[in-house]
1. Within chain A, which complete DSSP H helices have Cα atoms spanning at least 20 Å along the helix axis and a mean Kyte-Doolittle hydropathy of 0.5 or higher?
2. Return the average number of partner chain Cβ atoms within 10 angstrom of each residue Cβ along peptide A:49-57.
3. Give the nm distances, rounded to one decimal, from residue B:99 to the matching residue in every other copy, measuring between label points 7 Å along Cα toward the beta carbon; shortest first.
4. Taking a point 7 Å out from Cα toward Cβ as the label site, list the nm distances between residue A:29 and the same residue in every other copy, smallest first.
5. Please identify which residues in the stretch B:19-35 have an amide N closer than 16 Å to a label point set 7 Å out from the Cα of residue B:166, following the Cα→Cβ vector.
6. Quick one: check the C-alpha center-to-center distance for the stretch A:58-76 versus the stretch B:141-157, whole angstrom.
7. Apply the Debye scattering formula to the protein assembly as shown, with a single equal point scatterer on each alpha-carbon and no solvent, then give log10 I(q)/I(0) at q = 0.09, 0.10, 0.13 Å⁻¹.
8. Of all the residues in chain A, which one has the C-beta that comes nearest the axis relating A to B, and what is the distance in Å?
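Each reported figure results from applying straightforward, stated rules to the coordinates on display, with no laboratory input. Note that the coordinates shown come from a computational prediction; the quantities given were computed from them, not determined experimentally. Here the Cβ positions follow ideal geometry from the backbone for every residue, glycine too, while neighbour counts run over all protein chains shown.
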2 protein chains.
Amino acid sequence: MRYSLLAGGKRVRPVLCLAACELVGGNESMAMPAACAVEMIHTMSLIHDDLPCMDNDDLRRGKPTNHIVYGESVAVLAGDALLAFAFEHIAVATPRNVHPSRIVRAIGELAKVIGGEGLVAGQVVDISSEGNSEVGLKELEFIHIHKTAKLLEGSVVLGAILGGGSDDEVERLRRYARDIGLLFQVVDDILDVTKSSQELGKTAGKDLVADKVTYPKLMGIEKSREFAEKLNEEAKEQLVGFDPVKAAPLIALANYIAYRQN
Amino acid sequence: MRYSLLAGGKRVRPVLCLAACELVGGNESMAMPAACAVEMIHTMSLIHDDLPCMDNDDLRRGKPTNHIVYGESVAVLAGDALLAFAFEHIAVATPRNVHPSRIVRAIGELAKVIGGEGLVAGQVVDISSEGNSEVGLKELEFIHIHKTAKLLEGSVVLGAILGGGSDDEVERLRRYARDIGLLFQVVDDILDVTKSSQELGKTAGKDLVADKVTYPKLMGIEKSREFAEKLNEEAKEQLVGFDPVKAAPLIALANYIAYRQN
């Protein structure tokens, strides 16, 4: 669990969670357990996705994947335990100044992000579409929305709920997060075909080898870059009306996702 | 998810959860989502335990195991989704007459049962002790407490918390559940060496083939039966003082576990 969780990811999801909490007037401590939890869920999904029976990947964040180091059975179990610990941490460690009804709501939102209408749904469609040349934009978007965008969305929504946001504020931040989520994947696809394994810290060109559909494959690299730019602008429009000082980290994060190099 | 969840287990955990809820004065509806959740967690642990990289079992509850029917990747993901859905269901479906602070507490208890100090811990030690003739009673009890007893305990504790039980009532029911949990495994071990696969609905004698430590192997069948009887009596002693009519199902369940034939 520690090996994969502390392997040094970008921590985009925790940062989003904390920034959303502060944007709606909460303080960092209210969303800190949830911020850790969303990173645990992200890590858990990477461990299971990398398994031999899934994507069979042996490099992740520049290090050997979990099952390469600890074996397949421990990798499955480490993922299971991280999944459970995410919920435990929110339930046990969220400070008492957050009303328990908000904690229950946050837990419901996070759970939905993972299961049969979230990460798992995306991975099932992803696996079943590998090597299938019939896969189109509709399936591609389904995969990306479920495997990537939903957890980013959940991270923002959890922060907004736990920080005491109104229903309207939660929904505006949800729309920001949906744009960011799609943006994140489009940029990932572009990087996969334009960067080396060393630059990325993971196997480059893997999407091509696995015959996966990607945005560059479907619309070309230039159109993919334009699409990324449009999503970035749309995301930032959702933040208009919030305190600009508190919105600054979320604007910076949209730009960071759009212009990152690995 | 449906295939394994609806394969017709004994539903011991949901029954324990509902009975504990009613014992402390709650009504069934307060603990129904939690009762479903503990069965989802139980099913999830069976699906993952049966995987080729774990116990590599192809028969469960008289039917082919999940990965035999749907493949390994879907079996891993079905378990993940059941794990997440258990938390979603408690958070979303527990009725509003249960205070949210009790829901948060129940979620924390359930999560602890699963992770690195619960089911997962038990499975890790179980796997690493297979084929190791040095394994003694201490390891055997660790495995049984974590793989079996903790979820039975959690089922009872969740019911008691959600039904509005006092801290004292919750702790007395926790002790009842601990005895039941150990009893359950001792009887399971006895059945494995005394019944056929057809009578059990799962592969009989598997513990012997896998060279696993069991109670009959360590203390003989007769001493194991005496130990089971002692645990049954101790469990029922914990219920003294509660309303005898409401305690009747829990007494019956202890007897059912002690005297079951499969």
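1. On the way: long enough: A:28-49 (31 Å, 0.61); A:72-93 (30 Å, 1.45); A:100-114 (22 Å, 0.67); A:167-194 (40 Å, -0.23); A:215-237 (28 Å, -1.23); A:244-259 (22 Å, 1.04).
Span-like helices here: A:28-49, A:72-93, A:100-114, A:244-259.
2. Working: counts 3, 0, 5, 3, 11, 4, 1, 0, 0.
Mean partner shielding for this stretch: 3.
3. 1.5
4. List, nearest first: 3.9 nm.
5. Inside the label zone: B:23-26.
6. Distance between centres, Cα-based: 29 Å.
7. With no solvent term, the Cα-only Debye profile gives -0.67, -0.81, -1.25.
8. A:100, 2
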